[in-house]
Amino acid sequence: MVRHALADLVNSSGRLVSQCGSGRDAVELMRKEPVDLVLLDLNLPDMTGLDIMQWIRESRMDTTVIVVSGDDRIDSAIATLKSGAHEYVRKPFEPVALIRCVENALEARKLAWENTAMRMRLEHSERLHRYLVDNSPDFIFALDPQGRFRFVNDRFVALLGYSREALAGVHYSAVVDDENLLHVKWALGERRTGERASRDIEIRLIHKGADADSRSEDATTTVSLSTVGIYEEVSSDAHAGRRFLGTYGVARDISARIRAEQIVEFHAFHDSLTGLPNRTLFRDRLSHGIAEMRRHRKSLAVLFIDLDRFKLVNDTYGHLQGDHLLQQTASRLRKCLRETDTLSRIGGDEFVALITDLEGRQDADPIASKILHELAEPFSLGPESFRTSVSIGVAVYPGDGSNEEELIRNADLAMYQAKRKGRNGIAFFSPNLSTHFADRLQFEHDLRGAVKRNEFETYFQPIHNVRTGDVERLEALIRWRHPSRGLLLPGRFIGIAEDSGQIRELGEVVLDAACSHLAKWRASGAGDLGVSVNLSARDFDHDDLVERVMGVTRRHGLPPNSLELEITESLLIEDMDEVSKRASRLRAEGVRIAIDDFGTRYSSLGYLHTLPISAIKIDQSFVRDLGMRNTSSSIVAAMIGIARGLHLDLVAEGVERTEHLESLRGLGCDVMQGYLFSRPMPGEEVSDYLLSARVRS
Ligand code: C2E
Ligand code: MG
Ligand code: MG
């Protein structure tokens, strides 16, 4: 009855009230669902109220217990309260008192619950902020009023390499680059807040253990710093009542951005392959150099340096090796210059050097020679070694130009002159080169269509054996019938054709013309006549040279030994290995090989033993001097000795006068070529010449 009465008493809207007639029922119920409040009697049919409270404690139930009991002993009340009861209500009870007691208990529960919820929310929010702060990509820190670190986030710690503890209490100046200290001090000293907070100051932070002077990338990090002062309002008076508590700051790592900016700037002024200054930077340095030399009354030199066979490397070894060669060239050139000189790459295989503080023109020569020498050493391209050479043009301030444009252009002109003289050489600018240059541009243009327009003609110059009186062979010499300039000699255009890649076509024209003419002459009586064709260095650059040559002789039905190929000594210097490989294969096929312009270039004659040579042609410079200088006759005598010793045929070129003929004969050289016998003539005139020569002998 009492139980039912109690249930009615506490029942009100929103509450769910259940009744249990035994201890077991109560435990059963509480197991099934959470119960906020239990009104519990101590004397139950099957157990005591204390047993139930013990069970509640042990099962860690969050349940409030109010004991309602007829036991009026004070110790019972104490025991129940000790066991965790919220209240002890003695029967019979005042209904109002009981209701208030229940209400109080429920209110206390509600407060406790709200408290917990709040605490959990706070904990969560604290954890969230800590997480955000520590995982921020930015450096976040707090300083005390004296500028010592009070807080740093994980990022800060990781970057600088200090532990959190080691940084705590340390003054910020320990991690800021000295150069930026004033700036930072100003930013912090201003103690700005709100809109006036300082933002985006660029400073460098120094990593732990890094040398303070070191500016290397892993010793410092450049950051953009923003700070704000923290204040506490002490009184309502806005000015007097603020206490400075310290500074909060955020710094963002901008090293990557700065590096990117540096790279962009570097590329604007440098060549990315070699890292050398580019044309823009070179011109800038040159114009400064000119101003300085003018002030100090000194000279400067601009060296225009061009790799002679770069295109070949690109074509045969590939661009990667080409790049490699350029890099090696750059570093060798750099070694030839002083720290204060500027070396720049301004085009594919073109470098320019600026050399200042010279006393005059003469000072540039040793430097250019040193470069020439340094680059003559073979380069390694992968497993192969490759020989190249450079052509250097020199223009000197003040003589050869007064501004950077003139000096660069004139050095360039001089470089072309060096090429024309036969590569691997140095040329100084001289005013008459300018006209050559204009020529050259026009020439290159004209040359491009000349083969198709059939403007090339092959002339022939007979080579006589003065002992037998026979014409042994004829040398094919190319001519260009230029539409406006008339008949041009090869000296005017061979070099250009080589540079512009047209020499191969030219070579084919001459080889074919020579063989087809020879076949006709042989068919009309000159049975064992031969022909000589000049080959260019570029002809040896191609793998199919041997097949091409053999193809032409076959097509015209000529025995291979009726054809002689002339190679100049300078060609040998450029690439001994490649030339000798291909020359050997040609020789094996029966084709004759002659060394042209013998004595002019190569300082060692060792190649004569290793190359499969049939003949040497004494250069006309030695012949021209015969009878005028004793030295030349002894040189010619030595050459004749060499040829005899090695069983080589010998031809003297440029025989213009009977004295030459006599001297050569006296020395034992019988085969000759020169104006004395005939100038080079068109193929059509050769038959008549051969006839009259036969008649004469
Ligand atoms: P080279 O092979 O040494 O040819 C001899 C040069 O001397 C020819 O000049 C010829 O006309 C000239 N010469 C002949 N006899 C005399 C003489 O008695 N006195 C003087 N002062 N000169 C004489 P050219 O035809 O102007 O050829 C110059 C060079 O051009 C040739 O020198 C040769 O290296 C090259 N060349 C000619 N034709 C070709 C060609 O088809 N292909 C290639 N790659 N080079 C060629
Ligand atoms: Mg020749
Ligand atoms: Mg010659």
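Computed values, structure above
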quantity	calculated
Dipole of the range 404-514, positive direction: furthest Cα of Leu413, Asn465, Ile503, with charges on the beta-carbon	Asn465
Modelled label reach - Leu9, point 7 Å along Cα→Cβ, the range 68-86 residues with backbone N closer than 18 Å	68-73, 77, 86
For the range 270-429, accessible area per residue (1.4 Å probe, heavy atoms of protein chains only), Å²	44
Difference of contour (0.36 nm per residue) and Cα-Cα distance, Glu103 to Glu339	75.6 nm
Lys452-Lys370 FRET efficiency (beta carbon distance; Förster radius 60 Å; 0.05 resolution)	0.85
Relative contact order of the range 450-696, defined on C-alpha pairs under 8 angstrom at six or more residues apart (%)	20
Relative contact order (%) - criterion: Cα under 8 Å, at least six apart; region: the chain	6
Burial ranking of peptide ranges 326-332, 308-314 (average Cβ count within 10 Å, highest at the top)	308-314, 326-332
The range 450-696, Rg to Rh (Cα coordinates; Rh as Kirkwood inverse mean 1/r)	0.94
Cα centroid separation - the range 114-145 against the range 494-537, whole Å	90
Efficiency of FRET from Cβ geometry, Gln54 and Ala112, R₀ 25 Å, rounded to 0.05	0.70
Gained length - Arg657 relative to Arg121, 0.36 nm times residue gap less alpha-carbon distance	181.4 nm
Gyration tensor (alpha-carbon) shape descriptor, the range 106-155, a/c threshold 1.5	oblate
For the range 606-697: accessible area per residue (Å², 1.4 Å)	50
Stretch gain in nm, segment Asp62-Ala142, where the contour uses 0.36 nm per residue and the Cα spacing is subtracted	24.6 nm
Of all accessible heavy-atom area on the chain, the percent that carbon and sulfur account for (1.4 Å)	51
Extreme residue, positive dipole direction of the chain, given options Leu307, Ala395, Ala353 (C-beta unit charges)	Ala395
Cβ-derived FRET efficiency at R0 56 Å, Glu405 paired with Thr610, nearest 0.05	0.70
Cα-centre dipole for the chain with unit charges at Cβ (Lys and Arg positive, Asp and Glu negative), debye to 20	580
Charged-residue dipole, Cβ positions (Lys, Arg, Asp, Glu), the range 270-429 about Cα centre, Debye nearest 20	220
Computed helical MRE - 222 nm, the chain, DSSP H runs ≥ 4 contributing -39500 (n - 2.57), nearest 500	-14000 deg cm²/dmol
The range 67-110 and the range 284-302: distance between their alpha carbon centers, rounded to Å	107
For the range 2-109: rounded, prolate or oblate by the Cα gyration tensor [a/c cutoff 1.5]	rounded
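The values are calculated or read from the model by the stated rules, or taken from the named source; none is laboratory data. Owing to the predicted nature of the structure, the values given are computational and were not obtained by experimental measurement. Reconstructed Cβ throughout: ideal geometry from the backbone, glycine too, with neighbour counts over all protein chains shown. Please note that ligands, DNA and RNA were not included when accessible areas were found on the heavy atoms of the full protein model with its side chains. Shrake-Rupley method; radii C 1.70, N 1.55, O 1.52, S 1.80 Å.
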